[in-house]
Amino acid sequence: MSKGLNALAGLLASVFLTLFGLVIVTFLIGRVMPIDPVLAAVGDNAPQEVVERVRQEMGLDQPLLEQFLRYVGQLLHGDLGRSILTQNPVTSDIARYFPATLELATAAIILAALIGIPLGVWSAVRQGTWIDQTIRVVCLAGHSVPVFVLALLCLLIFYAMLGVAPGPGRQDIIFQDMVPHVTGLLTVDSLIAGDWDAFWDALAHMIQPVCILAYFSMAYITRMTRAFMLDALKGEYVITARAKGLPPRKVIWLHAFPNVGVQLVTVLALTYAGLLEGAVVTETVFSWPGLGQYLTVSLMNADMNPVVGATLLVGLVYVALNLLADALYRQLDPRVR
């Protein structure tokens, strides 16, 4: 019992220190960036007295420690400040833009896992054959080809030339604001509303960006699965299973893969977190109104409150998914417990 309490106390302390470090980093981002938030708010041609008055209102004339304590107090009250561009609270902007990224990332990680894991297993089982070499080349291309090149090629071929895919954006203009906002996930909200035309339109707009994100994620998942499986196939328990005359399919999926599945939990969690942080390039090319595009536009316009808020959210996503991966790891592997 005491060991369990000590482990829980250690976990909570680790999470607290991580979050505290994240708060410090996001605070410093808004202070060390070569951008004056006051000038971004009032403009470069504002009178000096206006600049000084706004600086006092924003608390930037206070000592750094007082600014940090004020920043922590605002975070504890859920206040991330106000965006200069949208004139909305950053929390409401993030609540508006993040579901679009969540929808894109969730579909991409599901597709990447469904394709990447079997490919990785197949590549390991067929090590050294032309199948293995082909899969490795495909994965190498996934790591080598720039995202914006592949995205622009998809738009050029499937949208501009063939006309089989919709253009940039999340939906056609005729469907905008037609579906009631419930979850923020356009496909889910369309199903809830029973609007099948809006659902198929939203799904069609998702296909290209999801496939591009899934391809790059699949390349990483496949490589890691292959590496894990190669180690698993050398295990004594696999050799014993083969010696007993078990069919190769059972040896691979019932003996070797369960040990690989435990390791893949962390890989999938980190890959998903990387997608949720905002696929900036993909969202920009496809004009996808997600967190990545919101962060990019804010940074280009020296709007620092959204930049800090989005960075804090990304950090929280990584911490949460790491905790989830650790919990799943303990459940799947009795040795860890």
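The values are calculated or read from the model by the stated rules, or taken from the named source; none is laboratory data. Every value quoted in this text rests on a predicted model; they were computed, and no experiment measured them. Please note: Cβ atoms are built from the backbone with ideal geometry, for glycine as well, and neighbour counts cover all protein chains shown.
What's the total number of residues in region 140-186 that are under 30 Å from residue 120 (Cα atoms) and assigned to a helix (DSSP H, G or I)?
Total meeting the criteria: 16.
Does residue 124 satisfy being among the small types (Gly, Ala, Ser) and buried (at least 16 other Cβ atoms within 10 Å of the Cβ)?
Values: among the small types (Gly, Ala, Ser): yes; buried (at least 16 other Cβ atoms within 10 Å of the Cβ): yes.
In short, yes.
Considering only residues that are within 28 Å of residue 269 (Cβ to Cβ), among the hydrophobic types (A, V, I, L, M, F, W, C) and surrounded by 21 or more Cβ atoms within 10 Å (Cβ to Cβ), which ones fall in region 169-205?
186, 202 - these are the residues of region 169-205 that are within 28 Å of residue 269 (Cβ to Cβ), among the hydrophobic types (A, V, I, L, M, F, W, C) and surrounded by 21 or more Cβ atoms within 10 Å (Cβ to Cβ).
List every residue pair whose Cβ atoms lie under 6 Å apart, where the two residues are 6 or more positions apart in sequence or sit on different chains, the first residue falls within region 290-315 and is under 17 Å from residue 19 (Cα atoms), and the second residue, located anywhere, is of a type in the set (Ser, Thr, Tyr) and crowded, with 21+ Cβ neighbours inside 10 Å.
From region 290-315, the pairs are 308/26; 311/26; 312/26.
With the condition being surrounded by 14 or more Cβ atoms within 10 Å (Cβ to Cβ) and modelled with pLDDT of 75 or more, I'd like the helices (runs of 4 or more DSSP H) fully within region 1-90 carrying at least 2 qualifying residues.
By residue number, 2-32, 64-76.
Contact list please: Cβ distance under 7 Å, first residue in region 76-94 and on the phi > 0 side of the Ramachandran plot, second residue surrounded by fewer than 17 Cβ atoms within 10 Å (Cβ to Cβ), pairs at least six apart or on different chains.
78/91
Could you identify the single residue in 102, 114 that is within 16 Å of residue 211 (Cα to Cα), at pLDDT below 90 and out of contact with any Phe, Trp or Tyr (no Cβ under 9 Å at 6 or more places or on another chain)? Show your work before the answer.
Working: 114 fails: at pLDDT below 90.
Answer to the selection: 102.
Does at least one position in region 224-238 carry a residue that is over 28 Å from residue 156 (Cα atoms), in a helix (DSSP H, G or I), of a type outside the set (Phe, Trp, Tyr) and at pLDDT below 80?
Kept after step one, since they are over 28 Å from residue 156 (Cα atoms), are these residues of region 224-238: 224-238.
Remaining after also requiring in a helix (DSSP H, G or I): 224-233, 236-238.
Still in the list and also of a type outside the set (Phe, Trp, Tyr): 224-227, 229-233, 236, 238.
Applying the additional criterion that residues be at pLDDT below 80 yields 236, 238.
Among the residues of region 224-238, at least one is over 28 Å from residue 156 (Cα atoms), in a helix (DSSP H, G or I), of a type outside the set (Phe, Trp, Tyr) and at pLDDT below 80, which makes the answer yes.
I'd like the residue in region 97-115 that is of a type outside the set (A, V, I, L, M, F, W, C) and crowded, with 16+ Cβ neighbours inside 10 Å and, out of all such residues, is nearest to the chain's Cα centre (by Cα).
Residues of region 97-115 that are of a type outside the set (A, V, I, L, M, F, W, C), as a first pass: 97, 99, 101, 103, 106.
Imposing the further condition that a residue be crowded, with 16+ Cβ neighbours inside 10 Å reduces the set to 97, 99, 101, 103.
Working: 97: 13, 99: 11, 101: 8, 103: 10 Å.
Looking at the filtered set, the residue picked out is 101.
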